[in-house]
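Notes follow the structure.
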Amino acid sequence: MSPFGVLALLSWLLPTAPTFQQLPGIAIERRLADRHGLSVGDTVLLTPKPDRPAARYLVEAVYQPKADPATALRGEYQIRFHLPELARLLDAPDRVDRIAVRGRPGVPPDSTAFRLNQPAFGYRAYPSELIAAESSRTFAVVSRFHRAIGVISIVASAVFLLCIMLLKVEERRLDAAVMRLIGISRATVFRAFVLEATFVAAVGSVLGVGLAAVAGALTNWVYRRRFETSLVFSHLSVEIVAFGVGLSLLLGVAVGALAARRLVTARPLALWRRAG
Amino acid sequence: MTWALVVRSLVRHPVRTLLVIAGIAVAAALLLDMVMLAGGMERSFSRMLLSRGYQIRLSPKGTLPFDSEAMIPAITPILEDLRDDPDIEQVGPVLATSLHVSVGDSLLTVVGYGVDPAAQGLYELESGTDLAPGDSTGLVVSEPAAAAAGWRLGDTVRLQGRLDPQSARAAVERVVVVRGVVRFLYDARGQRSVGADFRLVQSLGRQPDVDPASMVMVKVRADDRVDAVAERIAAAHRTVEVNSVAALVVQFRSRLVYFQQLSLILATISLVVGVLLVGTILTITVSERIGEFAVLRGIGVRRARIVRLVMAEGAVLTGVGAIGGVVLGLVTARYLDAILTSFPGLPAAISFFVPERTAIARAAIAVFVAGVAASGYPAWLAARAPIAETLRADAE
């Protein structure tokens, strides 16, 4: 337990009539206060187990917990106690779950943890970075899953883009034939079609970024309401935008070049006939 | 004639046709994966819970089985009461606690399960012999535990319990013999677990005087009586949480709502991509061949047949794409499943992508129907082309 114990309520919670006697104070999180209509000054009955007698507490504060992806999706409510009060409620005096230690400046946490672990019985010391890495393993898995889904989506959109660009340029067979017949060089025709493909890919990319921004905002709005949290579920970073735009431009230009090459290498009269 | 024309039209542009089929296949693969993801977790979870036929779980009040370290106190009278119920076939108490064994000069910590060998729904025997009813000196071990401790069948093991945190000495020790290697159904991948007689593990665990159990598994004689029996147990024992497997699946579903929503969103996107792909390609193809359709109409081919011709083209594209998508989807599902099942602490028996015939058929049919529907607009364009104007424009 940290200086203020944190208890995920497994049992029940009832607001009761205000009392003037000195009661132990607790802080409750805003979601819980909203859900049960509690405010500062109210008294509540708390018990760790349904078959144990309840104790009366005074709501001294309503707080907004820091958004934490590890707990937000569980939807559990939290109450903060003064440590001795929670120990008394749980009937577990002189016991803690965790102790946070701040080292002196310049002392590496690894060496402190190592030194603490040498004579250790009943506890194990870890540097905060290690705990953070371990506790984020779940999110690392989710992140890998998202990346895999992202790769599949990119393949699907790349094929889609290939089809469209190929058709778009092939549609221009007649134009290519006319340009070639009036004496415009192959290189100029090629550049013109590649430029057109680049323009289409660029406009499509801009629209795609806009669509992604709208979809991301919608996702955040829905999930923030659903889980009553301020967490960011969808984050459109500059790197992601650059990757998406870069990839679509690259594909667009490559496919445009491929299709344009087919047009300029064919004989103008053959193109004319096929276009007709 | 229709099918011959369709095949000829598709073969005329092989690159285009292959790209469209590839696009549909990827969209269908994503759709299939998402259909599997949406229902697979629940089916897998339900299958895991029912694998030994126990339909009801009793756990400490306010908790789900193995969800916390809480225990049900005074379990013996509850067990006796359950065994007296004529609707109940078997009652299997389970106690989970930390146990320790000396391996060389270090201490290995394992998860110890106390079970009633006559009614256990916790593990399946892989090699050796099972614990016999009343066997208070036998031990079954998981493969990872056997590998970590170097145990073999017939080895003698000193199980230690209630380790003093200050001196690292065990308050109690029991000598047991390894009878078999088992697969614990609810264990995470690589979890080191052992199983022994319920009373033996109680004596090694915390607070043996309160007669604790972590969970009780109940097998009801008739499946249609499960809910009634669960309600009856809950009414008779208000200090325990009573859940049927169906109720546990509902709880599980609420925890995995994120994946269900994600699968719904991505499945919708993949369907939209498939529809757009087929619709766009066929619309452009129809525009290119509008003169051909006008000629067909001019020589007396009915509009309905033109519509059938274009829609058959869409059907062939989506049909072939859907078949490719099923194959691709099954391959990618294995890869995605390997990622998600690496969640820390997840039972090894849980699978997120369960390839079932209904899921595969549903995804393939959805893609096919969507693709055929998407070819409706280009088919309508082809059928309504004015014959004289189109032919004149084509001639010019």
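The values are calculated or read from the model by the stated rules, or taken from the named source; none is laboratory data. Just so we're clear, the structure is a prediction, and the values are computed from it rather than from any experiment. Every residue, glycine as well, gets a Cβ built from its backbone with ideal geometry; the counts of neighbours run over all protein chains shown.
Below are the figures for this structure:
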| quantity | calculated |
| --- | --- |
| Any hit, region A:57-74, residues being over 32 Å from the mean Cα position of the chain (by Cα), loosely packed, with under 13 Cβ neighbours inside 10 Å and without any contact (Cβ under 8 Å) to a residue 24 or more places away in the chain | no |
| Condition check for B:V250: over 30 Å from A:T71 (Cα atoms), exposed (fewer than 15 other Cβ atoms within 10 Å of the Cβ) and of a type in the set (A, V, I, L, M) | no |
| Cβ-Cβ under 8 Å pairs, at least 6 apart or on other chains, region B:273-293 side within 8 Å of another protein chain (Cβ to nearest Cβ), far side polar (S, T, N, Q) | B:V273/A:S157 |
| Residues satisfying the stated conditions in region A:55-78, i.e. in a strand (DSSP E or B) and either of a type in the set (S, T, Y) or within 14 Å of another protein chain (Cβ to nearest Cβ) (or both) | A:Y57, A:Y63 |
| Unique match (being at pLDDT 85 or above and either of a type in the set (G, A, S) or not assigned by TED's automatic domain parsing to the domain that holds A:V194 (or both)) among A:P119, A:P108 | A:P108 |
| Where a residue in region A:148-165 is more than 7 Å from chain B (Cβ to nearest Cβ) and within 13 Å of B:V273 (Cα to Cα) and its partner, wherever it lies, is of a type outside the set (G, A, S) and in a helix (DSSP H, G or I), with Cβ under 7 Å and at least six apart | A:I154/A:L247; A:A158/A:L251; A:L161/A:L251; A:L161/A:V255 |
| Some residue of region B:236-247 being crowded, with 18+ Cβ neighbours inside 10 Å, among the polar types (S, T, N, Q), more than 30 Å from B:R174 (Cα to Cα) and not assigned by TED's automatic domain parsing to the domain that holds B:M36 | yes |
| Some residue of region B:352-359 being in the same structural domain as B:A267 (by TED's automatic domain parsing), polar (S, T, N, Q) and touching a residue at least 12 places away in the same chain (Cβ under 8 Å) | no |
| Residue match in region A:79-98 (condition: touching a residue at least 60 places away in the same chain (Cβ under 8 Å), in a loop (DSSP other than H, G, I, E, B) and loosely packed, with under 12 Cβ neighbours inside 10 Å) | yes |
| Some residue of region A:167-178 being more than 9 Å from chain B (Cβ to nearest Cβ), at pLDDT 85 or above and assigned to a helix (DSSP H, G or I) | yes |
| Condition met for B:R357 (within 14 Å of chain A (Cβ to nearest Cβ) and either more than 30 Å from B:I299 (Cβ to Cβ) or at pLDDT 90 or above (or both)) | no |
| Residue that is farthest from B:S68 (Cα to Cα) [pool: residues in region B:333-351 that are out of contact with any helix residue (DSSP H, G or I) (no Cβ under 7 Å at 6 or more places or on another chain) and in contact (Cβ under 8 Å) with a residue 40 or more places away in the chain] | B:T341 |
| Which listed residue, of B:R8, B:R57, is crowded, with 17+ Cβ neighbours inside 10 Å and charged (D, E, K, R) | B:R57 |
| Total residues in region B:11-31, condition of a type outside the set (G, A, S), in a helix (DSSP H, G or I) and farther than 15 Å from B:G279 by Cα | 8 |
| Matching residues, region A:262-276, being exposed (fewer than 12 other Cβ atoms within 10 Å of the Cβ) and in a helix (DSSP H, G or I) | A:T265, A:L269, A:A270, A:R273 |
| Qualifying residue in region B:307-323 (condition: assigned to a helix (DSSP H, G or I), more than 11 Å from chain A (Cβ to nearest Cβ) and free of Cβ contacts under 8 Å to residues at least 12 places away in the same chain) | no |
| Verdict on B:L262 being more than 14 Å from B:I21 (Cα to Cα) and not assigned by TED's automatic domain parsing to the domain that holds B:W380 | no |
| Inter-residue pairs, beta-carbon under 6 Å, first more than 10 Å from chain A (Cβ to nearest Cβ) and in region B:7-22, second surrounded by fewer than 13 Cβ atoms within 10 Å (Cβ to Cβ), 6+ apart | none |
| Only listed residue being touching a Gly at 6+ places or on another chain (Cβ under 8 Å) and either surrounded by fewer than 19 Cβ atoms within 10 Å (Cβ to Cβ) or not assigned by TED's automatic domain parsing to the domain that holds B:G150 (or both), chosen from B:A38, B:A25 | B:A25 |
| Subset of region A:222-261 [in contact (Cβ under 8 Å) with a residue 40 or more places away in the chain, surrounded by 16 or more Cβ atoms within 10 Å (Cβ to Cβ) and over 13 Å from A:A202 (Cα atoms)] | A:F227, A:T229, A:V255, A:A257, A:L258, A:A259, A:A260 |
| Residues within region B:324-342 that are buried (at least 17 other Cβ atoms within 10 Å of the Cβ) and either in contact with a Lys or Arg (Cβ under 8 Å, 6 or more places away or on another chain) or among the hydrophobic types (A, V, I, L, M, F, W, C) (or both), tallied | 7 |
| Residues of region B:48-85 satisfying the condition of being assigned to a loop (DSSP other than H, G, I, E, B), more than 14 Å from every other protein chain (Cβ to nearest Cβ) and either touching a residue at least 60 places away in the same chain (Cβ under 8 Å) or more than 17 Å from B:A234 (Cα to Cα) (or both) | B:L50, B:S51, B:R52, B:G53, B:Y54, B:Q55, B:P65, B:F66, B:D85 |
| Matching residues, region B:124-179, being surrounded by 13 or more Cβ atoms within 10 Å (Cβ to Cβ), touching a residue at least 40 places away in the same chain (Cβ under 8 Å), away from chain A (no Cβ under 14 Å) and among the small types (G, A, S) | B:G128, B:S136, B:G138, B:S142, B:A145, B:A148, B:A149, B:G161 |
| Condition met for A:T188 (in a helix (DSSP H, G or I) and either within 13 Å of chain B (Cβ to nearest Cβ) or modelled with pLDDT of 85 or more (or both)) | yes |
| Scope region A:103-157; condition β-branched (V, I, T) and within 29 Å of the chain's Cα centre (by Cα); matching residues | A:I131, A:T138, A:V141, A:V142, A:I149, A:V151, A:I152, A:I154, A:V155 |
| Only listed residue being in contact with an Asp or Glu (Cβ under 9 Å, 6 or more places away or on another chain), in contact (Cβ under 8 Å) with a residue 12 or more places away in the chain and surrounded by 13 or more Cβ atoms within 10 Å (Cβ to Cβ), chosen from A:R172, A:R180 | A:R172 |
| Test: residue in region B:382-393 that is at pLDDT 85 or above, surrounded by fewer than 22 Cβ atoms within 10 Å (Cβ to Cβ) and in a helix (DSSP H, G or I) | yes |
